[in-house]
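Peer 1: Supplied in structure tokens, the structure appears directly below.
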């Protein structure tokens, strides 16, 4: 067994593992796993605990169950079109359960008369029949072995099985030991598991307590590295001097007067704070936190106009190309409506043609472009600014510390404004965002119509589809959210691949259905989001990739499948995709189980549209975290950490980072050598993502 830092694993491809050839390597690449280090950090998105098997008479519809059966008669193989359907009638006292498998005729060799088996899958009701759909088949002994441990469930792509990922991860863990990089004093003070122990247990936990300890260690690491990077970034800045002092301008008043609405009291207060910052003696560093639809963007535009009036450039970075385009279009329209004609604002994206990019870079360098809106392309090496005095980032938690550093270096410590729709308690927000001042938009604009919510069971789907069809017929659009990209037999929840195919059969041909998920190439994602934004797609079936970065005022319905699998805060962010226009909008939460009680989190979100109140309730419900629910890796900018759920770990990691840097600011002591190496490695990775 070898001992290694994470770095050598970066150079070892997954094809170096036994049983992984070129074809499987390509499948791993689809889920963004190229090397062994990425494989070890490809954490399970959920965990499965095998329940006690029930008898046929105890099976109930609307639940995932393991049913103990004895095969009394051979299965029958029918045909549904070209697809062979294997049917096994499982009999109990006074009840028959029909087990059905599609395209698996070979099971006739397994389902032999007299065999005692456990079938595990979703039990549904079809008319008067109780059907166990496409269940996994285990001998009683195999099933008991699975019950002895918590099973990891990974995000997959077509052709890549959970078993393949598990076996690959096991090979790496058996072959290498992850070298510890935290000082022993930190491990002891905070009661942390060792790094190798934690990485092993996050993939293959023996029990719930082992999993909890492993997650705590890895979350601590994510926060610690983030805070160390932030502290070192701050140490190179001089925030005491305003390098771009400004004077107030009548143009901001002109813009406000031209708006078709009045700012809320919270918006007015926040604008006064931003204006005071930019015209004061210190460099502005302000976090503007506001619920979805609270009106953060207009405040950013006002700041950009103030910068223009004082002869400095402004740059606004959005998390997606589609949102950047929308911001640029909105800014141009507002300037036109206000009669502000002299401001030259460019749109700079990764997909911008090279010739156009060259012209924009020239304009930024000679100062003829006063403002620019875009994505990471704003801070590429070729982007040189003549006088960048204001940087605005939308949904800042999507961007890494290294990216923030590059962003700041483009100007001589420019004013910084960060906009976030994620409701995080003030203490945690100030830790995450360093020494920023914070403004909170806790009022919604008067013209916002509250979204109407409904929590329903799977039996409501047909009614929901008819409702969506009516909304589309009225000229509107709809989202459908599924937890998974593709089917996962170990974790049977709805997936966008099968769901979109089913919807195309349900809806009339004139209703266009498109698919969007995180495994797509960036260019494809941008194209699909743009089509939806332009109204060319009626129904968008997507994963939570739409949580931010898409603002379509014409979308009036969002249907969220397996809603009970998501946290409250994420459900609220998803709901925020609708209710952005003048028409009434609706959110339909479909829970997994039609017969079970409505989970507390769904009852809360059904009765409230207040993101900050929901965040508080979410924190109460989740406590130390839902270890077995769906996890959208990387959606918060961290792989595992959740600033809301893991608030205490964030406080601990921040304290540890302060203590380490107080003792050794340059991380040159022997006990910090590996930590310094990992920190540099992470910074390089962040920069590659630019």
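The values are calculated or read from the model by the stated rules, or taken from the named source; none is laboratory data. Quick caveat, the model's predicted, so the values are computed rather than measured. Note: ideal-geometry Cβ built from the backbone for every residue, glycine included; neighbour counts use all protein chains shown.
Peer 1: Among residues belonging to the stretch 207-230 that are surrounded by fewer than 18 Cβ atoms within 10 Å (Cβ to Cβ) and at pLDDT below 90, point out the one that is farthest from residue 285 (Cα to Cα).
Peer 2: 207
The rows are residues; the columns are (1) surrounded by 21 or more Cβ atoms within 10 Å (Cβ to Cβ); (2) over 29 Å from residue 655 (Cα atoms); (3) modelled with pLDDT of 95 or more.
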site: 243; (1), (2), (3): no, yes, no
site: 260; (1), (2), (3): no, yes, no
site: 287; (1), (2), (3): yes, no, no
site: 292; (1), (2), (3): yes, yes, no
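Peer 1: Further question: When the residues of the stretch 93-117 are narrowed to those that are within 16 Å of residue 142 (Cβ to Cβ) and under 41 Å from the mean Cα position of the chain (by Cα), which ends up surrounded by the most Cβ atoms within 10 Å (Cβ to Cβ)?
Peer 2: Result: 117.
Peer 1: Please work out if residue 347 is modelled with pLDDT of 95 or more, within 28 Å of residue 545 (Cβ to Cβ) and either under 31 Å from the mean Cα position of the chain (by Cα) or surrounded by fewer than 21 Cβ atoms within 10 Å (Cβ to Cβ) (or both).
Peer 2: So residue 347 fits the description; yes.
Peer 1: With respect to residue 487, determine if the residue is under 23 Å from residue 563 (Cβ atoms) and touching a strand residue (DSSP E or B) at 6+ places or on another chain (Cβ under 8 Å).
Peer 2: Here the answer is yes, as residue 487 does meet what is asked.
Peer 1: Do you know which residues across the stretch 346-378 are closer than 22 Å to residue 306 by Cβ and touching a residue at least 40 places away in the same chain (Cβ under 8 Å)?
Peer 2: 364, 367, 369, 370, 371, 372, 373, 374, 378
Peer 1: May I ask you to say which residue of 49, 67, 54 is modelled with pLDDT under 90 and either surrounded by 16 or more Cβ atoms within 10 Å (Cβ to Cβ) or under 20 Å from residue 163 (Cβ atoms) (or both)?
Peer 2: 49
Peer 1: Continuing with the same structure: One residue is enough: does the stretch 353-369 have a residue meeting the conditions crowded, with 18+ Cβ neighbours inside 10 Å, touching a helix residue (DSSP H, G or I) at 6+ places or on another chain (Cβ under 7 Å), modelled with pLDDT of 90 or more and under 23 Å from residue 288 (Cβ atoms)?
Peer 2: no
Peer 1: Further question on the same structure: Could you pull out every one of the helices (runs of 4 or more DSSP H) wholly within the stretch 139-211 that has 3 or more residues that are out of contact with any strand residue (DSSP E or B) (no Cβ under 7 Å at 6 or more places or on another chain) and closer than 16 Å to residue 221 by Cβ?
Peer 2: 184-189, 195-203
Peer 1: From the list 535, 567, pick out the single residue that is within 15 Å of the chain's Cα centre (by Cα), assigned by TED's automatic domain parsing to the domain that holds residue 472 and in contact (Cβ under 8 Å) with a residue 40 or more places away in the chain.
Peer 2: It is 567.
Peer 1: Here's something else I'd like to know. Within the stretch 485-497, is there a residue that is closer than 29 Å to residue 46 by Cα and part of a helix (DSSP H, G or I)?
Peer 2: yes
Peer 1: Would you check which residues across the stretch 186-206 are crowded, with 16+ Cβ neighbours inside 10 Å, touching a residue at least 40 places away in the same chain (Cβ under 8 Å) and within 26 Å of residue 661 (Cβ to Cβ) and list them?
Peer 2: 186, 190, 199
Peer 1: What number of residues within the stretch 269-298 are without any contact (Cβ under 8 Å) to a residue 60 or more places away in the chain and within 32 Å of the chain's Cα centre (by Cα)?
Peer 2: Residues flagged as without any contact (Cβ under 8 Å) to a residue 60 or more places away in the chain and within 32 Å of the chain's Cα centre (by Cα) within the stretch 269-298 amount to 2.
Peer 1: Also: Restricting to the stretch 307-324, what's the tally of residues that are at pLDDT 90 or above, buried (at least 21 other Cβ atoms within 10 Å of the Cβ) and either part of a helix (DSSP H, G or I) or not assigned by TED's automatic domain parsing to the domain that holds residue 380 (or both)?
Peer 2: 3
Peer 1: Among (1) in contact (Cβ under 8 Å) with a residue 24 or more places away in the chain; (2) crowded, with 21+ Cβ neighbours inside 10 Å; (3) within 27 Å of the chain's Cα centre (by Cα), which single condition is residue 164 missing?
Peer 2: (2)
Peer 1: Regarding residue 273, is this residue assigned by TED's automatic domain parsing to the domain that holds residue 287, within 30 Å of residue 174 (Cβ to Cβ) and assigned to a helix (DSSP H, G or I)?
Peer 2: So residue 273 does not fit the description; no.
The rows are residues; the columns are (1) more than 30 Å from residue 64 (Cβ to Cβ); (2) touching a helix residue (DSSP H, G or I) at 6+ places or on another chain (Cβ under 6 Å).
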position: 477; (1), (2): yes, no
position: 495; (1), (2): no, no
position: 498; (1), (2): no, no
position: 509; (1), (2): yes, no
position: 516; (1), (2): no, yes
position: 521; (1), (2): yes, no
position: 525; (1), (2): yes, no
position: 540; (1), (2): no, yes
position: 556; (1), (2): yes, yes
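Peer 1: Taking the stretch 148-158, which residues are at pLDDT below 85 and surrounded by fewer than 19 Cβ atoms within 10 Å (Cβ to Cβ)?
Peer 2: 148, 149, 157, 158
Peer 1: Suppose the filter is within 27 Å of residue 511 (Cα to Cα), under 17 Å from the mean Cα position of the chain (by Cα), assigned by TED's automatic domain parsing to the domain that holds residue 511 and free of Cβ contacts under 8 Å to residues at least 40 places away in the same chain; does residue 541 pass it?
Peer 2: no
Peer 1: I've got another one for you. I need the full set of residues from the stretch 3-31 which are assigned to a helix (DSSP H, G or I) and modelled with pLDDT under 90, in order please.
Peer 2: 6, 7, 8, 9, 10, 30
Peer 1: Looking only at the stretch 617-672, filter to residues that are buried (at least 16 other Cβ atoms within 10 Å of the Cβ) and on the phi > 0 side of the Ramachandran plot; which one of those is modelled with the highest pLDDT?
Peer 2: 667
Peer 1: Could you list all residues from the stretch 107-138 that are touching a residue at least 24 places away in the same chain (Cβ under 8 Å) and either farther than 24 Å from residue 97 by Cβ or not in a strand (DSSP E or B) (or both)?
Peer 2: Selection gives 107, 108, 110, 111, 112, 113, 114, 115.
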